[in-house]
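Structure record follows, encoded as structure tokens.
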Amino acid sequence: MMIVMRADATQREIKTIVDRVQDCGAQAHLSEGQERTIIGVVGDVRSLPRDEFVRMPGVDRVIPISRPYKLASREFHPWNSEVSLDGIRFGGPEVVVIAGPCSVEDRGQLLETAYAVREAGAHALRGGAYKPRTSPYTFQGLGEEGLELLAEARAATGLAVVTEAMSPAQVPVVTRYADMIQIGARNMQNYALLHAVGESQFPALLKRGLSATVDELLMAAEYILSHGNQNVVLCERGIRTFETATRNTTDINAIPVLKTLTHLPVILDPSHSTGHWEYVEAIARAAVAAGADGLIIEVHPQPEIALSDGGQSLKPERFAALVRQVAAIAEAVGRSMAPAKAPLAN
Ligand code: PEP
Ligand code: MN
């Protein structure tokens, strides 16, 4: 349930309520708006003394949250939340672009891609070091060596780094090197991982499961939020349907649906959602037109020899043209592209 405070409620009144909620064995999460504070109460709320809260000083009203996810819902947090990453803001007025290779393959490949995507206007660098591959016989990623290369690329380019952890055991090492931790589609319901990422407080990119509904995605986000981490960005990356012309089916509907149901930032991955580089540009434009807060796009200098997902990776020149197109779409829908990084001094 939500305890909506009056606009003139004092900090002391808010604290008294938070303490009382905790005494009752539930958790209190504050959502502080410009006008008033809302206290989200989660846990087993059936046994809480609702009438007592209604009468406590500073309380305007007590209302149930109708959705199964509480902290992720717009009912609890009506304002867009923003997730900041080294000067980049997801969920604000500006559109953010993360780009880079599917996998970190070697130093040359990573640095070349990082400089190219930076030059093209990307705001953060992606690259997998721990790869969730369908076949155990394909490239599994460089592990910690890949993370070291990502850290080197960040030092060289100033781009924040986004990379995946597949298990709770990988969370400490990934957070040591990266700026944002990715939970991949295959791990959207890895509850131990969600728990560990929740406790880490580290910015998280949560990708929608291959066959997950929007509600299941939001329930997965709720695990991270309820373990204390409010820095969650959601990612639509296509879902399984009967269609085989593309690797997955981009659920473009999910963007306005998620933006309605949740305050969390929402980005789209047109690389995995289509599986073919030829379709990436159209779907990236569509996503921003539909209200996405950003994009995550696979880019490789030589897609034909990529160790993973070459067929869906853009070459740097095409990616640069796409960033310009997306900037125009952003303007057309009343937003703008986050500014590109200043050119590097030679
Ligand atoms: C990836 O981003 O490289 C990846 C494996 O994506 P997904 O988890 O969406 O399949
Ligand atoms: Mn990939």
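If you go through segment 310-334, how many residues are assigned to a loop (DSSP other than H, G, I, E, B) and surrounded by 18 or more Cβ atoms within 10 Å (Cβ to Cβ)?
So the count comes out to 1.
Is segment 97-107 home to any residue that is more than 16 Å from ligand 2 (Cβ to nearest atom), among the acidic types (Asp, Glu) and within 24 Å of residue 303 (Cα to Cα)?
yes
Might you check whether a residue that is touching a Phe, Trp or Tyr at 6+ places or on another chain (Cβ under 7 Å), of a type outside the set (D, E, K, R) and farther than 25 Å from residue 154 by Cβ occurs anywhere in segment 76-92? Let's see the steps before the verdict.
Initial filter on segment 76-92 (touching a Phe, Trp or Tyr at 6+ places or on another chain (Cβ under 7 Å)): 82-83.
Next, only the ones that are of a type outside the set (D, E, K, R) stay: 83.
Adding the requirement that they be farther than 25 Å from residue 154 by Cβ leaves none.
No: segment 76-92 contains no residue that is touching a Phe, Trp or Tyr at 6+ places or on another chain (Cβ under 7 Å), of a type outside the set (D, E, K, R) and farther than 25 Å from residue 154 by Cβ.
List the pairs whose first member sits in segment 1-18 and is closer than 14 Å to residue 33 by Cα, whose second member is exposed (fewer than 11 other Cβ atoms within 10 Å of the Cβ), and whose Cβ atoms are under 7 Å apart, counting only residues at least 6 apart or on separate chains?
As it stands, the answer is 7/35, since those pairs meet every condition given.
Any chance segment 321-331 includes a residue that's among the basic types (Lys, Arg), at pLDDT 95 or above, closer than 21 Å to residue 89 by Cα and away from ligand 2 (no atom under 14 Å from the Cβ)?
yes
Tell me the residue from 222, 144 that is open to solvent by 10 Å² or more (accessible area, probe 1.4 Å) and farther than 17 Å from residue 102 by Cα, please.
Just one listed residue meets the conditions, 222.
Please work out if residue 307 is assigned to a strand (DSSP E or B), more than 16 Å from residue 94 (Cβ to Cβ) and either open to solvent by less than 50 Å² (accessible area, probe 1.4 Å) or within 16 Å of ligand 2 (Cβ to nearest atom) (or both).
no
Conditions (1) touching a Phe, Trp or Tyr at 6+ places or on another chain (Cβ under 7 Å); (2) hydrophobic (A, V, I, L, M, F, W, C); (3) assigned by TED's automatic domain parsing to the domain that holds residue 110, marked per residue:
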position	(1), (2), (3)
144	no, no, yes
152	no, no, yes
159	no, yes, yes
165	yes, yes, yes
169	no, yes, yes
172	no, no, yes
177	no, no, yes
183	no, yes, yes
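Go through segment 116-139 and give me each residue that's open to solvent by less than 20 Å² (accessible area, probe 1.4 Å) and among the β-branched types (Val, Ile, Thr).
Answer for segment 116-139, where residues must be open to solvent by less than 20 Å² (accessible area, probe 1.4 Å) and among the β-branched types (Val, Ile, Thr): just 117.
Any idea which of 250, 246 is polar (S, T, N, Q), touching a residue at least 24 places away in the same chain (Cβ under 8 Å) and touching a His at 6+ places or on another chain (Cβ under 8 Å)?
After ruling out the rest, the residue left standing is 246.
Give me the strands (runs of 3 or more DSSP E) completely within segment 15-82, filtered to those with at least 2 residues that are open to solvent by 20 Å² or more (accessible area, probe 1.4 Å) and modelled with pLDDT of 95 or more, ordered by residue number.
59-63
Quick one: is residue 133 farther than 20 Å from residue 179 by Cβ and not assigned by TED's automatic domain parsing to the domain that holds residue 272? It would help to see each step written out before you state the result.
Numbers: farther than 20 Å from residue 179 by Cβ: yes; not assigned by TED's automatic domain parsing to the domain that holds residue 272: no.
The answer is no for residue 133.
Filter segment 121-169 for residues that are under 30 Å from residue 328 (Cα atoms), basic (Lys, Arg) and outside any helix (DSSP H, G or I) and give the result.
126 - this is the single residue of segment 121-169 that is under 30 Å from residue 328 (Cα atoms), basic (Lys, Arg) and outside any helix (DSSP H, G or I).
Regarding segment 220-237, can at least one residue be identified that is outside the structural domain of residue 42 (by TED's automatic domain parsing), out of contact with any helix residue (DSSP H, G or I) (no Cβ under 9 Å at 6 or more places or on another chain) and of a type in the set (Ser, Thr, Tyr)?
No, every residue in segment 220-237 fails to be outside the structural domain of residue 42 (by TED's automatic domain parsing), out of contact with any helix residue (DSSP H, G or I) (no Cβ under 9 Å at 6 or more places or on another chain) and of a type in the set (Ser, Thr, Tyr).
If you scan segment 123-161, which residues turn out to be within 18 Å of the chain's Cα centre (by Cα) and more than 15 Å from ligand 1 (Cβ to nearest atom)?
123, 159, 160 - these are the residues of segment 123-161 that are within 18 Å of the chain's Cα centre (by Cα) and more than 15 Å from ligand 1 (Cβ to nearest atom).
Where residues in segment 252-279 are within 16 Å of the chain's Cα centre (by Cα) and charged (D, E, K, R), which of them is farthest from ligand 1 (Cβ to nearest atom)?
Per the criteria, the residue is 259.
Give the residues of segment 212-243 that are over 13 Å from the mean Cα position of the chain (by Cα), over 19 Å from residue 256 (Cα atoms) and polar (S, T, N, Q), sorted by residue number.
Across segment 212-243, the qualifying residues are 226, 241.
Enumerate the helices (runs of 4 or more DSSP H) found wholly within segment 182-290, keeping only those where 2 or more residues are more than 16 Å from ligand 2 (Cβ to nearest atom).
191-200, 214-226, 254-261, 277-289
The values are calculated or read from the model by the stated rules, or taken from the named source; none is laboratory data. In this text the structure is predicted, and so the values were computed from the model without any measurement. Cβ atoms come from the backbone with ideal geometry, glycine included; neighbour counts cover every protein chain shown. Heavy atoms of the whole protein, side chains included, go into the accessibility calculation; ligands, DNA and RNA do not. Shrake-Rupley method; radii C 1.70, N 1.55, O 1.52, S 1.80 Å.
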